[in-house]
Amino acid sequence: MQRGRNEAWGANERESLTIFYGAGWELKNYSAKFGVNGKFDTFSDNNTGQLLGWYEQCPLEVLNARVYGGDAVFIDTTHNATTYSFKTGPPSVIDCFGHTAPAGICQVREEEIDSMVDMLDALQLNAPGATLATDGGPAWPEVARVHRQHQIEDTWHNCENGDTKAAVLSNKKNKDRFKELKSKALYQVFSPEELLDDIFTEMRSLAGGNDILLNYVIRMDHGRKVRAATHTTKVFSCSEKGATSRCEQNMSRLKSAGTKKTEMRSWTLGELQNKHRRIVDGYEATIRKEIEDAITEKRYLSHYVLNWEAKERPHADGLEIVTTTENTPNPFHLMQSTKREIVTINMERPNDAASLGVTLQFHATEEKLGLNLEVISIAEGSFCRGSMLEVGMRIYAVNGQSFTSRDEGFGLIKDSL
């Protein structure tokens, strides 16, 4: 068995790196199937030649990044994924079928700001205005700021951490109540938002004098804008309970749901590379079947989206998934409240911006909202893409002033910017 492994991945480091580099450079060739080149590059120390990091994107992943990366990017890194002491990050996006879609893989020495900024730049996952969903690593807020993205934390990690910390409570009733409150804070949208304060107050009370548990509550409370669904669902929502929980999915595939976690430590770079490509092949087969079924049954949506929609409804109070709006590649991005939550968006046109780059449609029949302009599309390169303005939103007032006609509404927007 070892002989076969040596033949496949190299009997020593020189042989394994030769296999790794050869597969990487081959990936850069033009793919007639997808109409693009794949990506592969490495970074080495100028003095020692030591490998510092690398990344690759299969052609299908290049397209995934281009089409869906402007909406949301999910990334979680882990250590001990190969014999090298690298941090491994397989970023993903969400495709038009609702699937978590692979968007590349990278390895770096440490999860540092500069290295992760460079990797997301190289993988074309740096679109301004996109949501960057991450683990709780300290580098991510700054990475998001550099790319002008909305950073939120993956709810799965915070949920699991809360359960682990709650183990210190000896009273079962208190422990169960703490877990219940933790889940509400993470997954439930509170209106008014002040109701979330009551949740954290009770969690503090249950934590009592236990520093470990109290620190968890304080961390959650102070970071509520990137952790609690009351806030995070304002920029993105994609999990069964209406929050963000996809960072771990591509990593879980690499680990084979955890069964390969120990084995991965002995992998060469070529083995990790091969595992990643098999994940991409599996994804391609899945979406090909989705497309064939949708065409055969003359459906706009895949079964995957419809099944998730059925699961979402019992958990996401007052939400519906808007799935057929033009120019919106991700159906889950437009989960809108039937309560019509009103938000204020502040924008300032840059000096070099000649136009707004937004297509608007006037509506005069919305009884509850009043006369309004619906955002139909936002052009590529428009400065509005870096704001919180989204396709599907309705503009009913500009600087507090309503309007009675299409031309008047357009005029108010033009004059304000």
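The values are calculated or read from the model by the stated rules, or taken from the named source; none is laboratory data. Since this is a predicted model, take the numbers as computed values, not measurements. Please note: Cβ atoms are built from the backbone with ideal geometry, for glycine as well, and neighbour counts cover all protein chains shown. The accessibility values were calculated without ligands, DNA or RNA, using every heavy atom of the protein model including side chains. Shrake-Rupley method; radii C 1.70, N 1.55, O 1.52, S 1.80 Å.
Odds and ends about this structure:
- Pair list, Cβ < 7 Å and 6+ apart or interchain, from segment 243-258 residues that are more than 13 Å from residue 99 (Cα to Cα) and open to solvent by 10 Å² or more (accessible area, probe 1.4 Å) to residues that are at pLDDT 75 or above and not acidic (Asp, Glu): 248/156; 253/279; 255/264
- Pair list, Cβ under 6 Å, 6 or more apart: segment 176-195 residue under 18 Å from residue 157 (Cβ atoms), other residue hydroxyl-bearing (Ser, Thr, Tyr): 186/155
- Scanning segment 27-62 for residues that are aliphatic (A, V, I, L, M) and touching a strand residue (DSSP E or B) at 6+ places or on another chain (Cβ under 9 Å) yields 27, 36, 51, 52, 60, 62.
- Any pair with Cβ under 8 angstrom, 6 or more apart, that starts in segment 33-44 at a residue that is assigned to a strand (DSSP E or B) and ends at one that is open to solvent by 40 Å² or more (accessible area, probe 1.4 Å) and among the hydroxyl-bearing types (Ser, Thr, Tyr): 36/30; 37/30; 42/21
- Which numbered condition residue 110 misses (of (1) touching a Gly at 6+ places or on another chain (Cβ under 8 Å); (2) open to solvent by 10 Å² or more (accessible area, probe 1.4 Å)): (1)
- For residue 67: the one exception among (1) at pLDDT 90 or above; (2) outside any helix (DSSP H, G or I); (3) of a type in the set (Val, Ile, Thr): (2)
- Annotation note: of 32, 72, 101, the sole residue that is out of contact with any Leu (no Cβ under 6 Å at 6 or more places or on another chain) and more than 23 Å from residue 140 (Cβ to Cβ) is 32.
- Those strands (runs of 3 or more DSSP E) of segment 319-417 in which 3 or more residues are modelled with pLDDT under 55 and surrounded by 14 or more Cβ atoms within 10 Å (Cβ to Cβ) occupy 319-321, 335-337.
- In segment 10-20, of all residues being surrounded by fewer than 16 Cβ atoms within 10 Å (Cβ to Cβ) and of a type outside the set (Asp, Glu), the one that is nearest to residue 55 (Cα to Cα) corresponds to 18.
- Meets criteria (among the β-branched types (Val, Ile, Thr) and not in a strand (DSSP E or B)) for residue 83: yes
- Taking (1) open to solvent by less than 10 Å² (accessible area, probe 1.4 Å); (2) over 30 Å from residue 37 (Cα atoms); (3) in a helix (DSSP H, G or I) in turn, residue 160 satisfies each apart from (1).
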